[in-house]
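The values are calculated or read from the model by the stated rules, or taken from the named source; none is laboratory data. Since the model is a prediction, treat every value here as computed from it, not as a measurement. Don't worry about glycine lacking a Cβ; one is built from the backbone with ideal geometry, like all the others, and counts go over all protein chains shown. The area values use the complete protein model at the heavy-atom level, side chains included, leaving out ligands, DNA and RNA. Shrake-Rupley method; radii C 1.70, N 1.55, O 1.52, S 1.80 Å.
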Amino acid sequence: MRRRFALGAMVFVVLAVSVLTLVGALVANLLRGGGVAGLPAPVVGFLVVFGLFLVVGRFTWRWAGPVYGVMSAADRVAEGDLGARASERGPRPVRRLARSFNTMATRLEDDDARRRQLLADIAHELRTPLSVVRGNLEGLADGV
C-alpha cells in the first residue's frame, strides 16, 4: 500500500513539474509578446487557461461529486431517514468514506429497530399486569 502511494506521488510530482514547466514557458513567451505555433498571444493564453480549467474541473468533480453524495445521505439521516445510503463511487478514500457511512447508517437503523421492539415489549409486559389488576378490581366492585 505504501509503495503504491509513493509511486503515485512520484508520478504526480513528475507530471506536475512537467505541466508547470510547459505553462511557465508558454506564459513567458506570451509576456514577451510572441505567439505559439503561429497563434496570437491572446488565443494561446485563452487555450492555456481553458485547458487548465478543464483539468482542474475534472479532478475536482472526481472528488466533489461522490463527497456530495455522502453529504446528501448524511443530511437525509439527520432528518430521520435511516434508510439513506451513499453510493460507493469515486476515488478510493471517498469510497471508503461512503462504505463507513453506510455501515454507520445500517447500525443506526438496526439500533432504532431494536429500540422500537424493546418499547413494544415493555408496553406489552406492563399492560398484562394492569389488565389482571383491573379485572380483580372490577370483580371486587361487582361483589364477586
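Some notes on this structure:
- Count - residues of the range 78-91 that are modelled with pLDDT under 90 and part of a helix (DSSP H, G or I): 0
- Any hit, the range 30-46, residues being modelled with pLDDT of 70 or more and open to solvent by 90 Å² or more (accessible area, probe 1.4 Å): no
- Flag for ASP111 being farther than 25 Å from ARG58 by Cα and modelled with pLDDT under 90: no
- Condition check for ALA74: open to solvent by less than 60 Å² (accessible area, probe 1.4 Å) and more than 23 Å from LEU15 (Cβ to Cβ): yes
- Test for PHE50: is it open to solvent by less than 70 Å² (accessible area, probe 1.4 Å) and of a type in the set (Phe, Trp, Tyr): no
- Test: residue in the range 51-68 that is assigned to a helix (DSSP H, G or I), over 30 Å from ARG96 (Cα atoms) and at pLDDT 75 or above: yes
- The C-beta contact set for the range 98-120 (first residue free of Cβ contacts under 8 Å to residues at least 12 places away in the same chain and part of a helix (DSSP H, G or I), second residue of a type in the set (Gly, Ala, Ser) and loosely packed, with under 11 Cβ neighbours inside 10 Å, distance under 8 angstrom, 6+ apart or interchain) is empty.
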